[in-house]
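Q: Structure in structure tokens, see below.
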Amino acid sequence: MVTTATCCHLLAASAVAVRRTVHGAEGSGVATSAVVGFGDLRHHDGRTLEENLSHSRQTSQVSDAPDQAGSSAQVASGRRGSLPKCRKLLIRGGPPVTQSFAGPPFDLDDLIPELATLGRRTTLLWPESGSPGVRDSSLGGPMLWPADEPWPYCGQPGHWAWPNEKSPAGTAPMVPVVQLFARDVPQLQFPEGTDVLQLVWCALIHPQDPACAALPQLYWRSEKEVLAGGVLRDIPVPQQGEYDEDFMPRPCTVSPTQMTEYPNWDFPEELRHALQPRIEEIEERFGLEYTQWACALQNKVGGYPAWNQPPNWPVCERDHRMEHLLSITGEADLDMDMGDMGGIYVFLCRQCPELPYTHRYDC
Ligand SMILES: [Zn+2]
Ligand SMILES: [Zn+2]
């Protein structure tokens, strides 16, 4: 995988990013995936927490919103070993390490009832390389697209792919990123009359975007209506120079699984300080970092955004705080680095009838 000129491309060559593979989920009774020695923990890019805060502001897009949880200040006042921690843990010179998240291996209601109240339901997507069909929920898979609706193209001037640093001639076809059917994600509220969510993006680097993100577009559809009108058979595939590998997901099937997760960067400051001693005690007792048992930092629907950096919650044009719709992160099977295991977080405003959405990107 080629590293692109995104925000984390200056990552030290000696650093080895931890692969986050999450196994086991609520109800499955399975909690596998070894977690081994976190000897030398630090932020993946060596930035201090204060620098992260500044960095995050630089990578924000669209409207800047006040952080409801007030966690920016909390992060700025953080210290090594305090929460929240960046998920991307590094072991200097060591082998890749799997970070596991299977939910708390203990009864949180007993140990930290105050934290239990911050639990949010989320649907983990668990992407696995495969050959999903147009009527399957997928990441990077073929889409159930109406035959009479042209496939979207991006014509943003100046978009480019590393290492060409030149724009493709004309427009570039968007690429399928997420397709979810209501039957697979029962927790997700679909707008009336729809039962399919689709997200595509232009897989190029966009200079208009301070974070150089791909530009997502969201669609809500009715499966029945699309089938009745016929499905587009030939979805165009971007050619060399029309995409950046960092943002090209490999087709994956998904195994949506509901879980409860807890805040990482969105941890309210006062509560974090109050709970810190008990959380550290639990970390010690179970040998698990907070992010390993509390935060689903992966591809998911709902719950907390899988931020890599301090939160930057968007508001819509009418000043409503938007809700987190889904997170797309660079899990291994997707073969999509997103600037070193970064993520794109999509937000939606349900208070506005036109359902405006926007995204954030960090890594
Ligand atoms: Zn573009
Ligand atoms: Zn709104």
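Q: Kindly indicate which of Gln351, Gln309 is surrounded by 24 or more Cβ atoms within 10 Å (Cβ to Cβ) and either within 18 Å of Thr257 (Cα to Cα) or not assigned by TED's automatic domain parsing to the domain that holds Gln187 (or both).
A: Exactly one residue qualifies, and that residue is Gln309.
Q: Name the pairs whose Cβ atoms lie under 7 Å apart, with the first residue in segment 223-249 and outside the structural domain of Ala332 (by TED's automatic domain parsing) and under 21 Å from Val178 (Cβ atoms), the second open to solvent by 30 Å² or more (accessible area, probe 1.4 Å) and β-branched (Val, Ile, Thr), and 6 or more positions between them or separate chains?
A: Short answer, once both residue conditions are applied: Val231/Val134; Glu245/Val2.
Q: Give the residues of segment 310-344 that are within 22 Å of Leu197 (Cα to Cα), touching a helix residue (DSSP H, G or I) at 6+ places or on another chain (Cβ under 7 Å) and part of a helix (DSSP H, G or I), sorted by residue number.
A: Within segment 310-344, just Met338 meets the criteria.
Q: Moving on to the next point. So Val177 clears everything in (1) part of a strand (DSSP E or B); (2) open to solvent by 70 Å² or more (accessible area, probe 1.4 Å); (3) assigned by TED's automatic domain parsing to the domain that holds Leu197 except one condition, right? Which one?
A: Answer for Val177: the failing condition is (2).
Q: Tally time: how many residues in segment 312-359 are under 15 Å from Val177 (Cβ atoms) and either more than 16 Å from ligand 1 (Cβ to nearest atom) or touching an Asp or Glu at 6+ places or on another chain (Cβ under 7 Å) (or both)?
A: The qualifying residues number 18.
Q: Pro216 - would you say it is within 17 Å of Val301 (Cβ to Cβ) and modelled with pLDDT under 95?
A: yes
Okay, residues lined up against (1) away from ligand 1 (no atom under 14 Å from the Cβ); (2) under 21 Å from the mean Cα position of the chain (by Cα):
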{"residue": "Gln187", "(1), (2)": "yes, yes"}
{"residue": "Phe190", "(1), (2)": "yes, yes"}
{"residue": "Thr194", "(1), (2)": "yes, no"}
{"residue": "Cys202", "(1), (2)": "no, yes"}
{"residue": "His206", "(1), (2)": "no, yes"}
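Q: Which condition number in (1) out of contact with any Leu (no Cβ under 8 Å at 6 or more places or on another chain); (2) open to solvent by less than 30 Å² (accessible area, probe 1.4 Å); (3) in a strand (DSSP E or B) is the one that Arg121 fails?
A: Evaluating Arg121 over (1) out of contact with any Leu (no Cβ under 8 Å at 6 or more places or on another chain); (2) open to solvent by less than 30 Å² (accessible area, probe 1.4 Å); (3) in a strand (DSSP E or B) leaves (2) as the failure.
Q: Taking segment 276-294 only, how many residues are of a type in the set (Lys, Arg) and either in contact (Cβ under 8 Å) with a residue 24 or more places away in the chain or not in a helix (DSSP H, G or I) (or both)?
A: 1
Q: Residues in segment 244-274 that are open to solvent by 60 Å² or more (accessible area, probe 1.4 Å) and assigned to a loop (DSSP other than H, G, I, E, B): how many?
A: Counting residues in segment 244-274 that are open to solvent by 60 Å² or more (accessible area, probe 1.4 Å) and assigned to a loop (DSSP other than H, G, I, E, B) gives 1.
The values are calculated or read from the model by the stated rules, or taken from the named source; none is laboratory data. These numbers were taken from a predicted model, which means no experiment stands behind them. Because the Cβ atoms are built from the backbone with ideal geometry, glycine has one as well, and the counts that use them run over all protein chains shown. Heads up: the accessible areas ignore ligands, DNA and RNA and are worked out on the full protein's heavy atoms, side chains in. Shrake-Rupley method; radii C 1.70, N 1.55, O 1.52, S 1.80 Å.
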